[in-house]
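Contents: one structure, followed by commentary.
The values are calculated or read from the model by the stated rules, or taken from the named source; none is laboratory data. A quick note: this is a predicted structure, and the numbers were derived from the prediction, not measured. Neighbour counts are summed over all protein chains in view; Cβ atoms, including those assigned to glycine, are modelled from backbone coordinates with ideal geometry.
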Amino acid sequence: MIKKLKIYLILVLAFVTLAAQAEQTRFEMSAPNAVEMGQQFRLTFTLNDRGSNLQLPPNLNSNFDILMGPSTGQSTSIRTINGRTTTEVTYSYTYILRSKSEGTFEIRPASIEIDGKVMESNSLKIQVVKAQSQPQQQRQPQSGGSSSNQGSQSVDLGGDNLFLRMEMSKQNVFRGEQIIATVKLYADPNIPISGFEEVNLPTYEGFFTQDIEIPKQINFTREVYDNRIYQVGILKKTVLFPQQNGTLTVDPFSMTLLVQQRVRPRSFFDDFFSGIQTVRTTITSKQARVNVKDLPPSPANFYGGVGNFSVSSEMSSEDVTTNDAVTLKVTINGTGNLRLIRNPELQLPTDFEVYDPRATDNVRATDNGVTGTKTIEYLFQPRFEGDYTVPSIPFVFFNPSTGSYVTRSTQEYTLHVEKGTGAESTTVLSSRQREDLQLIGQDIRYIKQGNPMLRSRGATFYGTPVFYSIYGGSTLLFLFLIFIYRKKARENANAALMRNKKANRVATKRLKAASGFMKKNQDEAFHEAILKAFWGYLSDKLGIPVANLNRESAVDKLNEKNAEQNLIDDFVEIIEQCEFARYAPSGGSEARSELYKKAVSTMSRLEKQIKR
């Protein structure tokens with residue numbers, strides 16, 4: 001039995017070792033994804049283990065001429081991690097190819113033998129385009145670029161050799177449907193770009209935006225555009241959610257590049273010391289447009305969700321006592337405008353005390369859009385014992401892929417409430433319970449100790465001036481409380497009025513959050529919090545829906561409120577600084593501190609002048 005166990009363990013260890021070696025062995029094929037017709041290029045095979053009998057892809061000769069190869073090479077890399085040193089040897093096989101015709105061709109996997117086993121590489125796709133003429137070398141930069149040096153031989157920086165382009169994943173969308181906007185820099189492979197200076201990226205007026213994280217260092221890759229090969233660098237990726245109907249325009253944006261070019265020597269010394277100079281050139285993009293369609297007439301229980309979502313729920317407990325806090329957690333999961341979805345309404349019996357729901361977002365922006373979860377927590381307390389039904393919450397969203405509304409619902413819960421005991425219970429008795437209430441403790445009268453207040457037999461408090469004063473005061477107090485209660489009820493029924501009253505308080509909280517981001521040096525979150533504070537305040541205070549709120553409408557409303565012009569100018573300046581800082585580096589902590597002080601001062605002045 002022990003011998004069999006040993007044999008079994010040896011076989012398992014051998015299998016695991018072979019599997020680990022198979023996972024660690026890599027055989028990869030690489031080549032440019034785009035080449036010009038007739039251009040020579042390298043096809044390289046790399047292997048991290050010694051192999052033999054390399055077999056080229058069977059369809060390689062039909063589309064490409066093999067001019068030379070294979071050229072073999074070997075490299076060794078040594079890495080030390082946590083005191084452990086590993087050595088890896090890489091073998092390479094390089095072929096020089098040339099295309100035979102234009103088109104897009106797929107190169108099937110190659111194969112090689114390693115320790116008697118055949119291993120295949122990956123496959124590749126190569127696009128062959130028409131050969132392009134070399135950039136003109138003797139012409140001054142055109143309108144696309146401006147040179148700061150005269151008397152130099154400059155490459156042509158205008159026209160189709162160097163430009164900016166915004167790539168939209170969709171051109172025709174519904175309001176609230178997400179779009180991936182990618183800002184790209186296209187450059188002819190013969191234009192040597194050495195750096196960037198001034199970068200003015202788009203501001204996306206009329207869209208709710210969320211940036212996609214990309215590497216800070218721009219990596220240029222080959223891409224075919226308009227049947228021509230370019231070096232393309234991605235400057236910014238953003239998820240856009242259009243908030244208005246009609247045609248939305250993204251205004252042109254620009255950037256200044258540093259380009260190296262050869263300089264015509266003016267003397268022997270110029271030719272001896274330097275033959276290359278760096279010039280500045282400014283390029284500007286074209287306008288981008290998006291056609292936004294309005295959503296169909298929305299059914300009940302539509303809370304602004306556009307995308308594809310699912311909904312689930314869970315309740316903290318189904319067996320509680322009176323006045324116990326119960327939490328119903330509703331989770332909306334999916335892809336779309338999660339941050340713009342309003343909280344669904346929970347309809348509970350009147351015997352419950354219900355608190356304002358709390359919502360938290362956990363979303364991330366990727367190349368596929370914004371995805372994640374939105375969690376809403378509803379807190380309530382039952383006041384009376386009994387069995388109650390917590391109804392399901394219907395959630396309606398618009399699915400742009402099908403062009404229709406979809407309804408998802410949470411499950412229904414049964415809540416069993418028992419009467420609390422001791423200090424826990426402060427249950428208010430209903431009218432029927434009051435009728436059934438019987439006095440207890442009447443059979444024993446306790447002896448009063450101390451110095452009780454005695455009065456003459458036959459004397460009564462009824463009819464005295466103090467009695468009438470208390471009676472009249474109680475009546476007036478009762479009427480006053482009824483008046484206050486009805487006023488509060490009217491105010492609570494008027495949602496716009498409530499938002500107006502809470503606008504300053506909400507804006508102050510957001511400014512405090514901005515202060516926290518400022519102390520943590522979270523630059524983007526700091527400016528976004530200030531923007532939310534001002535836009536949210538003006539939306540609630542001026543009664544403008546967020547979808548219709550922009551700089552022009554806000555300024556018009558402030559003028560209608562007779563706000564001072566210098567206050568309006570300060571507001572516009574703060575908005576412009578925040579929007580600019582979201583797309584370009586800021587001036588540091590001192591600039592953020594000044595901006596925060598100015599935002600607090602402007603918010604205080606707005607509150608005073610709008611109230612007048």
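The residue of the range 174-199 that is surrounded by the most Cβ atoms within 10 Å (Cβ to Cβ), among those that are touching a residue at least 60 places away in the same chain (Cβ under 8 Å) and among the polar types (S, T, N, Q), is Gln178.
Rundown of residues vs (1) assigned by TED's automatic domain parsing to the domain that holds Tyr204; (2) surrounded by fewer than 15 Cβ atoms within 10 Å (Cβ to Cβ); (3) of a type in the set (Lys, Arg), yes/no style:
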site: Met518; (1), (2), (3): no, no, no
site: Asp523; (1), (2), (3): no, no, no
site: Lys532; (1), (2), (3): no, no, yes
site: Gly536; (1), (2), (3): no, no, no
site: Glu552; (1), (2), (3): no, yes, no
site: Glu560; (1), (2), (3): no, yes, no
site: Leu567; (1), (2), (3): no, no, no
site: Glu573; (1), (2), (3): no, yes, no
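Could you tell me how many of the residues in the range 200-219 are over 16 Å from Glu177 (Cα atoms) and either free of Cβ contacts under 8 Å to residues at least 40 places away in the same chain or in contact with a Phe, Trp or Tyr (Cβ under 8 Å, 6 or more places away or on another chain) (or both)?
Just the residues of the range 200-219 that are over 16 Å from Glu177 (Cα atoms), to begin with: 200-203, 212-219.
Now narrow it down to the ones that are either free of Cβ contacts under 8 Å to residues at least 40 places away in the same chain or in contact with a Phe, Trp or Tyr (Cβ under 8 Å, 6 or more places away or on another chain) (or both): 200-203, 214-219.
Adding up the residues that qualify gives 10.
Considering only residues that are in contact (Cβ under 8 Å) with a residue 60 or more places away in the chain and either part of a strand (DSSP E or B) or of a type in the set (Gly, Ala, Ser) (or both), look in the range 364-387 and name the one that is surrounded by the most Cβ atoms within 10 Å (Cβ to Cβ). Looking at the filtered set, the residue picked out is Pro382.
One residue stands out among those in the range 523-576 that are of a type in the set (S, T, N, Q) and part of a helix (DSSP H, G or I): the one that is modelled with the lowest pLDDT, which is Asn548. When the criteria are applied in full, Thr94 fails the requirement of being out of contact with any Pro (no Cβ under 7 Å at 6 or more places or on another chain), polar (S, T, N, Q), modelled with pLDDT of 85 or more and under 27 Å from Ala131 (Cα atoms). For the range 586-603, the condition of being outside any helix (DSSP H, G or I), under 22 Å from the mean Cα position of the chain (by Cα) and either modelled with pLDDT under 80 or of a type outside the set (Lys, Arg) (or both) holds for at least one residue.
When Gly246, Gly307 are checked against the criterion of being in contact with a strand residue (DSSP E or B) (Cβ under 7 Å, 6 or more places away or on another chain), within 30 Å of Val406 (Cβ to Cβ), outside the structural domain of Arg339 (by TED's automatic domain parsing) and at pLDDT 75 or above, Gly246 stands alone in meeting it.
Here the condition is being over 30 Å from Val239 (Cβ atoms), at pLDDT 85 or above and exposed (fewer than 14 other Cβ atoms within 10 Å of the Cβ); of Ser123, Ser99, it holds for Ser123 alone. Filtering Thr407, Thr464, Thr475 for residues that are β-branched (Val, Ile, Thr), modelled with pLDDT of 70 or more and in contact with a strand residue (DSSP E or B) (Cβ under 6 Å, 6 or more places away or on another chain) leaves a single hit, Thr407. The residues listed here are Gly73, Gly69; of these, the one that is surrounded by 14 or more Cβ atoms within 10 Å (Cβ to Cβ) and modelled with pLDDT under 85 is Gly69. The set of residues in the range 34-61 being exposed (fewer than 15 other Cβ atoms within 10 Å of the Cβ) and either under 30 Å from Tyr225 (Cβ atoms) or of a type outside the set (S, T, N, Q) (or both) consists of Gly38, Gln40, Arg42, Arg50, Pro58, Asn59, Asn61.
Looking only at residues in the range 98-126 that are within 17 Å of Gln39 (Cβ to Cβ) and free of Cβ contacts under 8 Å to residues at least 60 places away in the same chain, which one is nearest to the chain's Cα centre (by Cα)?
First pass over the range 98-126, keeping only residues within 17 Å of Gln39 (Cβ to Cβ): 98-105, 107, 124-126.
Right, trim to free of Cβ contacts under 8 Å to residues at least 60 places away in the same chain and you get 100, 103-105.
Working: Lys100: 46, Gly103: 38, Thr104: 36, Phe105: 37 Å.
Looking at residues that are within 17 Å of Gln39 (Cβ to Cβ) and free of Cβ contacts under 8 Å to residues at least 60 places away in the same chain, I get Thr104.
Where strands (runs of 3 or more DSSP E) fall wholly inside the range 176-264, the ranges with 3 or more residues that are basic (Lys, Arg) are 228-242. Kindly evaluate Leu348 against the criterion of being outside the structural domain of Ile180 (by TED's automatic domain parsing) and buried (at least 17 other Cβ atoms within 10 Å of the Cβ). Judged against the criteria, Leu348 is a match. Here Arg342 clears all of (1) charged (D, E, K, R); (2) over 25 Å from the mean Cα position of the chain (by Cα); (3) in a loop (DSSP other than H, G, I, E, B) except the condition numbered (2).
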